[in-house]
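The values are calculated or read from the model by the stated rules, or taken from the named source; none is laboratory data. Bear in mind the structure is a predicted one, so any value in this text is a computation, not a measurement. Heads up, the Cβs are rebuilt from the backbone with ideal geometry, glycines too, and the neighbour counts pull from every protein chain shown.
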Amino acid sequence: MIVDSSVDISAFIGRMSRAFLPSAVYHLEEYGLPRMISKKIHASGLIDFIDPEMDLLAALERFNHLGLEAVLAVKSLGPFDRYIVKFFFDGITPAETNETE
């Protein structure tokens, strides 16, 4: 037997299934935001991805609340990072509708 059946490894399995990343970071990567950009945003203090309450929906709401300009103001983001962030925001922000009366 490799693992003692009395040892609970569910937390390990859960973290392993997300590549040991915070849940929001793992899921944001599927939305097109690379983990290294998430790391820079986290390090800037703009968004706390380690917060246990920070899931994908909370992260998306936080990004939309902050807005593109606040995220682009993170000093550690390079030109290519900024390009990716703009592309990411295009995918998560609601499309503006121009209704004519």
Practice task
Among what's in region 59-93 and is β-branched (Val, Ile, Thr) and not in a helix (DSSP H, G or I), pick the residue that is surrounded by the fewest Cβ atoms within 10 Å (Cβ to Cβ).
Solution key: THR93
Practice task
Filter region 26-84 for residues that are among the hydroxyl-bearing types (Ser, Thr, Tyr) and either without any contact (Cβ under 8 Å) to a residue 24 or more places away in the chain or touching a Pro at 6+ places or on another chain (Cβ under 6 Å) (or both) and give the result.
Solution key: TYR26, SER38, TYR83
Fill in the blank from the handout: Selection over region 11-39 where residues are modelled with pLDDT of 65 or more, in a helix (DSSP H, G or I) and not charged (D, E, K, R) yields a count of 9
Completion exercise
When region 44-58 is checked residue by residue, the ones that are of a type in the set (A, V, I, L, M, F, W, C) and either surrounded by 11 or more Cβ atoms within 10 Å (Cβ to Cβ) or not in a helix (DSSP H, G or I) (or both) are LEU46, ILE47, PHE49, ILE50, MET54, LEU56, ALA58
